[in-house]
Each structure stands twice: as structure tokens, then as C-alpha cells.
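Novice: Structure provided below as C-alpha cells; questions to follow.
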Amino acid sequence: MEFVPHGSLHAFLKSDPETPLTWGMRLRIAYDIASALAHLHSFDPPLIHKDLKSPNVLMAGLVESAPVVAKVADFGLTGK
């Protein structure tokens, strides 16, 4: 299991309301989540996450230039 050092997206958004979240970072988080879901849906038969919410998205990086910023987690309810 991989350790993701920056916690969940939910905790990241709640941690410091004074720190502005740039549009670039917002787009990068959305892109990483969409890429993960597209990967799951590309299987035959497709996999569906069924529990996508901010606590189930882990922050792997805090700058938009990082290789990966957000990772989708919690596959306990994944089904066909």
C-alpha cells in the first residue's frame, strides 16, 4: 500500500480557508480524478467506483506541476 503524505482532499480543503486554491490547482485535481475514473471505466467490464467523494480522494502533491496531485482511493465498494 502506498503512503500518500498530504491526506484527503476533504482535509486539504478544510485545513486553511485563508489560503486561496488557484484555478490551476483546481483544474489539476479535477483532471487527475477524471483520469483515474476514465482508467477504471476502460476495463472490460468497466469498473465503477460507487463512492466518489472528497474524503476518498488523496492528495499526493500540493503543487500543480507535480507528476500526480490527486489519487482516487477506497475501492471497498467497487463493483461491475
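Novice: Starting from the residue with the highest accessible area, list PHE43, PHE3, PHE12 in decreasing order, probe 1.4 Å. Write out the running numbers ahead of the final one.
Specialist: Details: PHE43 90, PHE3 165, PHE12 55 Å².
So the residues, ranked largest to smallest area, are PHE3, PHE43, PHE12.
Novice: Can you count the Lys pairs in the chain with C-alpha separation below 17 Å, eight or more apart or on different chains? It would help to have the intermediate numbers written out before the result.
Specialist: Working: LYS14/LYS53; LYS50/LYS71; LYS50/LYS80; LYS53/LYS71.
Lysine pairs satisfying the spacing and distance rule in the chain number 4.
Novice: In the chain, if the dipole is taken from +1 on Lys/Arg beta carbons and -1 on Asp/Glu beta carbons about the Cα centre, which of ILE48, LEU21, ALA36 is farthest to the positive end?
Specialist: ILE48
Novice: With n ≥ 4 as the cut-off for DSSP H runs, can you work out [θ] at 222 nm for the chain, using -39500 (n - 2.57) per run divided by the number of residues, rounded to the nearest 500? Present the calculation step by step, with values, prior to reporting the outcome.
Specialist: Details: 2 runs with 26 residues, N = 80.
After summing the helix terms and dividing by the residues of the chain, the value is -10500 deg cm²/dmol.
Novice: Roughly how many nanometres apart are two label points built 7 Å out from the Cα toward the Cβ at MET1 and HIS39?
Specialist: 1.9
The values are calculated or read from the model by the stated rules, or taken from the named source; none is laboratory data. This is a predicted model, so every value here is computed, not measured. Methodologically, a virtual Cβ is constructed for each residue, glycine included, from the backbone with ideal geometry; neighbour enumeration extends over all protein chains shown. Quick note on the areas: whole protein, heavy atoms, side chains included, nothing else; ligands and nucleic acids left out. Shrake-Rupley method; radii C 1.70, N 1.55, O 1.52, S 1.80 Å.
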